Amino acid sequence: MSKSTAQPVALMMPDIVTRIIEFAIAKRGEEWRVIDLTSVWEDDGMLSVPASFTTNTQLSFLTVCKAWYEIIMSTPLLWATCSAILHWPQCSDVVGTSSMLNTYFRRSKVVPFTLFFFASMEEETFGDDGDPIYALNDMLHRIFTQQGHRFEAIYLTIIVTDTTNHDFEFEFNFPRHPTPTPTPLEVSLKDLTRLKSLNLDLDVPNSSVELVPHRRLEFLHLSAGTSVSVQGFDHTAVAQFPNLRNLRMCIQNTKTILDDWKILQASPNIEFLHFRCVPRHSFIPIPGSESQDLSTMPPLSLPRLRHLDIIANSKTTLDVLSRASTPSLTSLIISSFELSNYSVKELTTLLGRLPLKSFKVSIKTTEDTLCKATVGALFHALLVLRNLELDLGSRNENQVMQLLELLRDTLHPDEKKEAHTLPNLRVLSVDIGFYDKADKAEAHDVLRNIVSICRQKYLSGFLLKLIARSSLIVREPAQVELMPLLLNDAHIRRCVSDTFIVSINGVPVEGFSA
């Protein structure tokens with residue numbers, strides 16, 4: 001066997017090896033958000049971490065062969081991305097991470113740096129070597145102030161969990177030591193002159209981010225308990241964030257809503273906006289946020305905005321839509337919306353002037369007197385809409401039936417005016433939730449009618465998705481009752497064709513063979 005066949009890996013060209021390793025160790029923001037979500041629902045003390053953050057690292061390729069070792073050690077680009085995950089760490093773990101970061105900064109030289117960092121910590125974790133929260137904040141403060149000019153992208157998530165068993169302490173009257181306040185974690189754009197992407201999800205006491213005019217920033221994600229300070233914004237001058245395209249703001253208190261408005265005013269070129277006015281990992285709007293008056297704020301001009309996602313109470317949602325000029329908006333998601341004749345009429349006026357092609361609404365409450373004509377006017381205003389998703393929420397059977405019958409009657413093409421309701425619709429998704437275990441036969445009948453009406457209105461190229469689910473408090477899932485009825489319904493099966501598709505909880509309904 002020749003040397004070239006015995007050692008094919010070692011004889012690769014250095015630039016090819018560099019590209020292979022660069023591809024293998026690449027990390028994406030979407031994968032990082034998976035870690036954040038799994039940390040919330042963990043019940044066995046373990047995190048589900050994508051392989052790119054654990055096994056696919058520079059160190060895993062150093063032992064392939066001597067040639068690869070030398071290429072990796074001498075290529076700064078391969079050290080310009082670092083990921084660190086600390087799950088309930090001790091101070092010694094933080095020290096080790098700090099040393100690792102120093103190595104990455106040193107070997108990457110002047111290449112723009114990307115940091116993925118996740119820490120899940122207990123509120124009171126005092127080991128023999130001190131408090132890891134102090135050590136962690138000190139480490140981050142140091143790298144942001146000393147190496148801030150190197151950063152191109154930052155993904156930083158810190159979750160502090162209170163694991164104290166207060167009932168146990170009260171029963172046995174154990175003394176509790178006062179918890180000192182950790183060193184404030186402060187992040188300032190002043191120090192991050194190269195930054196293009198900033199993603200902060202900080203559940204740390206006294207954490208804050210200082211926003212100043214920044215011409216390079218393209219992606220900004222702020223959430224959890226981070227206090228936002230807006231400095232040096234002159235709204236009469238040019239845009240402070242001229243290159244910002246993607247903005248996600250998830251706030252937890254009403255005082256920051258007006259600061260967020262300033263950020264929006266400073267970002268006229270954003271294309272994707274996610275506005276979440278709810279507590280962390282919740283879909284319930286912040287108490288008292290309905291009293292926040294945005295009508296006194298200057299109007300917004302967002303000519304390039306294409307996608308808007310709002311989770312807030314109905315008043316805040318309507319205020320944002322009414323105060324913002326968004327002529328290019330084609331995709332809208334609104335959650336926790338309170339359906340009433342007034343709110344639907346306001347929504348009709350606001351959406352009627354937009355070129356919406358996709359609209360999803362999650363309903364929180366429904367007014368008992370909500371009428372068909374009001375809902376019909378909304379649907380009739382959406383002339384170019386192609387995708388409509390209705391999340392009816394979890395509610396009792398009477399409330400579910402009220403909404404389903406409204407949808408059926410609004411879609412029914414009996415009257416000339418209603419025949420043109422949603423004329424360009426191609427996808428309709430209806431998500432139904434039940435609180436009780438009542439018989440779902442009535443819901444089955446109405447859903448069958450909706451399928452039939454859609455078949456009459458949309459002869460081809462149509463997808464109807466029906467989702468039946470139960471509230472978490474109901475043991476017996478609604479789909480156990482509804483799925484067989486809908487999947488085996490002869491009338492629904494006759495409606496199905498190659499160009500008219502119906503699915504129930506993700507399972508396609510099989511049509512009758514010709």
Suppose the filter is in contact with a Cys (Cβ under 8 Å, 6 or more places away or on another chain), open to solvent by less than 50 Å² (accessible area, probe 1.4 Å) and at pLDDT 85 or above; does S429 pass it?
no
Just a yes or no: is a residue in region 494-504 modelled with pLDDT under 90 and open to solvent by 30 Å² or more (accessible area, probe 1.4 Å)?
no
Test for D445: is it surrounded by 17 or more Cβ atoms within 10 Å (Cβ to Cβ), at pLDDT 85 or above and of a type in the set (D, E, K, R):
no
Among (1) in a helix (DSSP H, G or I); (2) buried (at least 18 other Cβ atoms within 10 Å of the Cβ); (3) modelled with pLDDT under 90, where does I453 come up short?
(3)
Where residues in region 458-480 are open to solvent by less than 40 Å² (accessible area, probe 1.4 Å) and at pLDDT 80 or above, which of them is farthest from K357 (Cα to Cα)?
A468
Please indicate, with yes or no, whether at least one residue in region 39-49 is under 28 Å from the mean Cα position of the chain (by Cα), surrounded by fewer than 14 Cβ atoms within 10 Å (Cβ to Cβ) and either at pLDDT 75 or above or outside any loop (DSSP other than H, G, I, E, B) (or both).
yes
Of the residues A239, A312, only one is small (G, A, S) and either modelled with pLDDT under 70 or within 27 Å of I363 (Cβ to Cβ) (or both); which?
A312
If a residue must be open to solvent by 30 Å² or more (accessible area, probe 1.4 Å) and at pLDDT 90 or above, how many such residues does region 266-305 contain?
7
Candidate set from region 481-493 (those that are within 18 Å of R455 (Cα to Cα) and surrounded by fewer than 16 Cβ atoms within 10 Å (Cβ to Cβ)); member that is modelled with the lowest pLDDT:
N488
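The values are calculated or read from the model by the stated rules, or taken from the named source; none is laboratory data. What you are looking at is a predicted structure, and each value in this text was computed from that prediction instead of being measured. Because the Cβ atoms are built from the backbone with ideal geometry, glycine has one as well, and the counts that use them run over all protein chains shown. Accessible surface areas use protein heavy atoms only, side chains included; no ligands, DNA or RNA. Shrake-Rupley method; radii C 1.70, N 1.55, O 1.52, S 1.80 Å.
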